[in-house]
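Peer 1: Before anything else, here's the structure in question.
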Amino acid sequence: MQPYEFWQEIHPPSTFDGQPADGHRGFYPAEFEDGRQLLLPIRELADGEHALASLIINQAGFAVEDALCAGLAEKVRAFAPEVVVGLPTLGLTLARGTARKLEHSRYVPLGTSRKFWYREDLSVPMTSITSPDQLKRLYLDPRMLPLIENRRVLLVDDVISSGRSIAAALELLSLCGVRPVAIGAAMLQTDAWRDKLAAISPEWPERVVGVLRTPRLKRTASGGWAPVF
């Protein structure tokens, strides 16, 4: 597949082998709860021996984006969220769509671009696994405070991997006196995030909801990629 062909189509259950004998090659078939499959490109890590399945939601076809938002909305309904807060950058696409599926009239975007009216006391430092060398600050527009105070907040990011971005968002919301009822993502990438969030509070890993789950991959002797559990 060409790079631009990924994330454009959802396939019926069992279209692709979820556990090929010689490992995955070129793509990993992530599965929705009902068995439908979405092909994700495999990104080799710096060590050359491990890799991850990648999802870039703002490059996805609209049907795929819609399915991810609908899937997350259904999974979080039990938490009865009253407002959705989205993490930049890619988490905003998912947050907006999920809020619409929940029949909310709007959502609250966090940002990393400081506007002149922002307040430093409503910001925290943030890094992510996709930009580990870029120290940014995560901001909440102070005008949005009334929308989240004393509300049941759902915190949303596109992919949760190391947990660093979510940890920063939890810290920022804590400064606002807000404790989310749940954390949602289109994809939970490995389980590395669990320890990071558990260190903040043991309750957080159990409040995380994902539409797709993907493992860490290790290179096989034949040159494919096999899940590491």
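Peer 1: Would you mention how many residues in segment 160-173 are assigned to a helix (DSSP H, G or I), under 16 Å from the mean Cα position of the chain (by Cα) and either of a type outside the set (Lys, Arg) or over 15 Å from Leu87 (Cα atoms) (or both)?
Peer 2: Residues of segment 160-173 assigned to a helix (DSSP H, G or I): 164-173.
Then drop every residue that is not under 16 Å from the mean Cα position of the chain (by Cα), which leaves 164-170.
Filter again for either of a type outside the set (Lys, Arg) or over 15 Å from Leu87 (Cα atoms) (or both), leaving 165-170.
The number of residues fulfilling the criteria is 6.
Peer 1: Now for a different question. Could you list, in sequence order, all residues of segment 34-49 that are under 13 Å from Thr214 (Cα atoms) and either in contact (Cβ under 8 Å) with a residue 12 or more places away in the chain or hydrophobic (A, V, I, L, M, F, W, C) (or both)? Please lay out each step first, then the result.
Peer 2: Just the residues of segment 34-49 that are under 13 Å from Thr214 (Cα atoms), to begin with: 37-43.
Within segment 34-49, Gln37, Leu38, Leu39, Leu40, Pro41, Ile42 meet the criteria.
Peer 1: Quick check on this structure: which one of Pro81, Pro125, Pro88 is touching a Ser or Thr at 6+ places or on another chain (Cβ under 6 Å), of a type outside the set (Lys, Arg) and not in a helix (DSSP H, G or I)? Let's see the steps before the verdict.
Peer 2: Numbers: Pro81 fails: touching a Ser or Thr at 6+ places or on another chain (Cβ under 6 Å); Pro125 fails: touching a Ser or Thr at 6+ places or on another chain (Cβ under 6 Å).
Only one candidate passes the filter, namely Pro88.
Peer 1: Go through segment 200-229 and count every residue that is assigned to a loop (DSSP other than H, G, I, E, B) and touching a strand residue (DSSP E or B) at 6+ places or on another chain (Cβ under 8 Å).
Peer 2: Step one: of segment 200-229, the residues assigned to a loop (DSSP other than H, G, I, E, B) are 201-203, 215, 220-224, 229.
Now drop any that are not touching a strand residue (DSSP E or B) at 6+ places or on another chain (Cβ under 8 Å), which leaves 215, 220, 224.
The total comes to 3.
Peer 1: Out of Asp47, Asp34, I need the residue that is over 20 Å from Leu94 (Cβ atoms), exposed (fewer than 13 other Cβ atoms within 10 Å of the Cβ) and charged (D, E, K, R). Which one?
Peer 2: Numbers: Asp34 fails: over 20 Å from Leu94 (Cβ atoms).
Only one candidate passes the filter, namely Asp47.
Peer 1: Now for a different question. Can you tell me which of (1) more than 17 Å from Pro81 (Cα to Cα); (2) among the aliphatic types (A, V, I, L, M); (3) touching a strand residue (DSSP E or B) at 6+ places or on another chain (Cβ under 6 Å) is the one Leu140 doesn't meet?
Peer 2: The failed condition is (3).
Peer 1: Which residues, counting only those in segment 174-192, are surrounded by 20 or more Cβ atoms within 10 Å (Cβ to Cβ) and either in contact with a Phe, Trp or Tyr (Cβ under 6 Å, 6 or more places away or on another chain) or in a helix (DSSP H, G or I) (or both)?
Peer 2: Ala182
Peer 1: Determine which member of the set Glu149, Glu65 is among the acidic types (Asp, Glu), out of contact with any Lys or Arg (no Cβ under 8 Å at 6 or more places or on another chain) and over 21 Å from Leu173 (Cα atoms). Walk me through how you get there before you give the answer.
Peer 2: Details: Glu149 fails: over 21 Å from Leu173 (Cα atoms).
Within the list Glu149, Glu65, the selection yields Glu65.
Peer 1: It is to be established whether one or more residues within segment 141-152 are closer than 25 Å to Ala51 by Cβ, in a helix (DSSP H, G or I) and touching a Phe, Trp or Tyr at 6+ places or on another chain (Cβ under 8 Å).
Peer 2: Restricting attention to segment 141-152, the residues satisfying the condition of being closer than 25 Å to Ala51 by Cβ are none.
Looking through segment 141-152, none of the residues is closer than 25 Å to Ala51 by Cβ, in a helix (DSSP H, G or I) and touching a Phe, Trp or Tyr at 6+ places or on another chain (Cβ under 8 Å).
Peer 1: Okay, moving on. Applying the selection to segment 12-45, what residues are within 16 Å of Ala186 (Cβ to Cβ) and among the hydroxyl-bearing types (Ser, Thr, Tyr)?
Peer 2: Tyr28
Peer 1: Another question, then. With the checklist (1) touching a residue at least 40 places away in the same chain (Cβ under 8 Å); (2) on the phi > 0 side of the Ramachandran plot in hand, flag the one item Glu103 doesn't pass.
Peer 2: With (1) touching a residue at least 40 places away in the same chain (Cβ under 8 Å); (2) on the phi > 0 side of the Ramachandran plot applied to Glu103, the lone miss is (1).
Peer 1: If you don't mind, there's one more thing I want to ask. For Tyr118, work out the one condition from (1) surrounded by fewer than 17 Cβ atoms within 10 Å (Cβ to Cβ); (2) assigned to a loop (DSSP other than H, G, I, E, B); (3) out of contact with any Ser or Thr (no Cβ under 8 Å at 6 or more places or on another chain); (4) at pLDDT below 95 it doesn't fulfil.
Peer 2: Unmet for Tyr118, out of (1) surrounded by fewer than 17 Cβ atoms within 10 Å (Cβ to Cβ); (2) assigned to a loop (DSSP other than H, G, I, E, B); (3) out of contact with any Ser or Thr (no Cβ under 8 Å at 6 or more places or on another chain); (4) at pLDDT below 95: (1).
Peer 1: A follow-up question, please. Please verify whether segment 90-100 includes one or more residues that are over 18 Å from Val208 (Cα atoms), of a type outside the set (Ser, Thr, Tyr), more than 14 Å from the chain's Cα centre (by Cα) and crowded, with 16+ Cβ neighbours inside 10 Å.
Peer 2: Checked against the condition, which is being over 18 Å from Val208 (Cα atoms), of a type outside the set (Ser, Thr, Tyr), more than 14 Å from the chain's Cα centre (by Cα) and crowded, with 16+ Cβ neighbours inside 10 Å, segment 90-100 yields at least one hit.
The values are calculated or read from the model by the stated rules, or taken from the named source; none is laboratory data. Keep in mind that what you see is a predicted model, and the values were worked out from it rather than measured. Don't worry about glycine lacking a Cβ; one is built from the backbone with ideal geometry, like all the others, and counts go over all protein chains shown.
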